[in-house]
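Please read the structure below before turning to the comments.
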Amino acid sequence: MSLRLASISIDLDEVPRYAAIHGLGAPAGPSAHAVYDRCVPRLTTWLDDESIRATFFAIGEDLEREENRTTIGTLHQAGHEIGNHSHSHHYDLTRRAATDILEEVERGADAIEGACGKRPVGFRAPGYTVSDPLFGALEASGVEYDSSVFPCAIYYAAKAAARAAIRVRGRTSASMLDTPAVLRAPRQPYRVGQPYWRRGDGVLELPIGVTPLQLPFIGTSLVLGGERIAEQLTKQMLGRELINLELHGFDAADALQDGLQTLTPHRADLKRTAADKLRSIRAAVRVIREAGYELVTLEEAANRFRSRPNR
């Protein structure tokens with residue numbers, strides 16, 4: 001019997017990492033912590049209203065801040081899953097030595113376990129960029145699933161173009177491009193082989209959402225498109241055994257309320273209010289629910305796929 005599961009995951013990249021993507025200096029003051037201090041409360045209010053338990057991917061070093069540790073502990077106590085987004089969120093993680101990659105995975109897990117009392121079972125790579133050595137580190141660390149592979153040609157091209165535009169302006173983006181071979185990876189859950197975009201018997205991969213028309217099914221697309229586009233993109237995902245909707249905490253940012261005006265010229269999503277963006281996300285979830293999908297954490301989705309024969 002086929003599954004009909006949907007998962008909402010939220011990457012907790014803090015504001016300075018968005019500045020680094022655009023080659024800008026890190027902001028100072030309260031705006032530097034807007035994701036944890038302003039966006040997470042907006043998102044948890046929405047999740048509570050919808051009775052959804054989501055997967056939050058936390059960065060280990062962000063939990064050195066006591067307020068963030070408290071937030072992660074509270075999310076865990078509320079029934080949300082906390083996943084590992086590495087310790088330092090190095091965009092060039094896959095280009096580092098194997099020992100450094102393993103350390104990033106394990107230190108991130110240590111920090112999360114210290115904050116919430118449970119070791120994370122899932123991993124998401126910085127910038128969705130993965131490699132065979134990274135998957136080797138995940139296996140060595142006992143990670144049960146990864147959710148990083150993003151085989152979307154349109155997203156890949158847009159990212160390459162954005163990096164080039166930043167370079168033309170005399171700045172350097174911290175973001176990195178994956179190998180284009182990732183575009184050949186399966187769109188549905190699979191066990192990775194070598195190379196990682198082929199099926200094998202390795203770590204279970206829950207890929208980031210891509211529609212049949214090769215459009216990215218992620219928070220950025222939903223909040224930029226508005227409610228009508230969000231609904232149409234979601235309808236394209238129906239029929240999948242797993243609808244994996246990946247958001248960022250930043251998708252709930254509000255330029256005016258959160259003091260992010262210096263980033264507004266560089267990010268079209270900041271031209272929309274937090275309330276408008278959340279309406280688009282709600283519209284997507286409404287379509288998913290009306291189609292009869294069960295909303296679960298990524299950990300639960302991974303468990304369900306692993307329990308099936310021949311998976």
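Worth pointing out:
- Some residue of segment 166-177 being out of contact with any Asp or Glu (no Cβ under 9 Å at 6 or more places or on another chain), closer than 29 Å to Arg304 by Cα and assigned to a loop (DSSP other than H, G, I, E, B): no
Residues checked against (1) surrounded by fewer than 19 Cβ atoms within 10 Å (Cβ to Cβ); (2) of a type in the set (Lys, Arg); (3) assigned to a loop (DSSP other than H, G, I, E, B):
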| residue | (1), (2), (3) |
| --- | --- |
| Gly200 | yes, no, no |
| Leu213 | yes, no, yes |
| Ser221 | no, no, no |
| Ile229 | yes, no, no |
| Ile243 | no, no, no |
| Asp251 | no, no, no |
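- Residue check for Arg17: out of contact with any helix residue (DSSP H, G or I) (no Cβ under 7 Å at 6 or more places or on another chain), buried (at least 21 other Cβ atoms within 10 Å of the Cβ) and among the basic types (Lys, Arg): yes
- Exactly one residue out of Leu75, Leu47 is at pLDDT 95 or above, closer than 19 Å to Ala252 by Cα, within 18 Å of the chain's Cα centre (by Cα) and surrounded by fewer than 23 Cβ atoms within 10 Å (Cβ to Cβ), and it is Leu47.
- Among the criteria (1) within 18 Å of the chain's Cα centre (by Cα); (2) at pLDDT below 95; (3) of a type outside the set (Val, Ile, Thr), the one Ala185 does not fulfil is (2).
- Filtering Leu256, Leu238, Leu270, Leu213 for residues that are of a type in the set (A, V, I, L, M), at pLDDT below 95 and farther than 21 Å from Phe57 by Cβ leaves a single hit, Leu213.
- Among the residues listed as Ile82, Ile72, the single one being part of a strand (DSSP E or B), in contact with a Cys (Cβ under 6 Å, 6 or more places away or on another chain), in contact (Cβ under 8 Å) with a residue 24 or more places away in the chain and among the β-branched types (Val, Ile, Thr): Ile82
- Residue list for segment 85-101, filter: of a type outside the set (Val, Ile, Thr), outside any loop (DSSP other than H, G, I, E, B) and surrounded by fewer than 18 Cβ atoms within 10 Å (Cβ to Cβ): Arg95, Ala98, Asp100
- All positions within segment 218-250 that are in contact with a strand residue (DSSP E or B) (Cβ under 8 Å, 6 or more places away or on another chain) and of a type in the set (Asp, Glu): Glu241, Glu246
- Hey, His22 on the phi < 0 side of the Ramachandran plot and under 17 Å from the mean Cα position of the chain (by Cα) or not: no
- Counted residues, segment 158-168 - those being closer than 20 Å to Leu245 by Cα and surrounded by fewer than 20 Cβ atoms within 10 Å (Cβ to Cβ): 1
- Lone qualifier among Arg119, Arg107 - being outside any loop (DSSP other than H, G, I, E, B), basic (Lys, Arg) and either surrounded by fewer than 20 Cβ atoms within 10 Å (Cβ to Cβ) or touching a strand residue (DSSP E or B) at 6+ places or on another chain (Cβ under 9 Å) (or both): Arg107
- Flag if Phe135 is closer than 18 Å to Ala302 by Cα, modelled with pLDDT of 95 or more and not in a helix (DSSP H, G or I): no
- One residue stands out in segment 138-147 among those that are of a type outside the set (S, T, N, Q) and not in a helix (DSSP H, G or I): the one that is surrounded by the most Cβ atoms within 10 Å (Cβ to Cβ), namely Asp146.
- Residue that is nearest to Glu241 (Cα to Cα) [pool: residues in segment 1-60 that are assigned to a loop (DSSP other than H, G, I, E, B), in contact (Cβ under 8 Å) with a residue 40 or more places away in the chain and among the hydrophobic types (A, V, I, L, M, F, W, C)]: Leu3
The values are calculated or read from the model by the stated rules, or taken from the named source; none is laboratory data. Just so it is clear, the model here is predicted, and its values are computed rather than measured. A quick note on method: Cβ atoms are made from the backbone with ideal geometry, for glycine too, and the neighbour counts reach across all protein chains shown.
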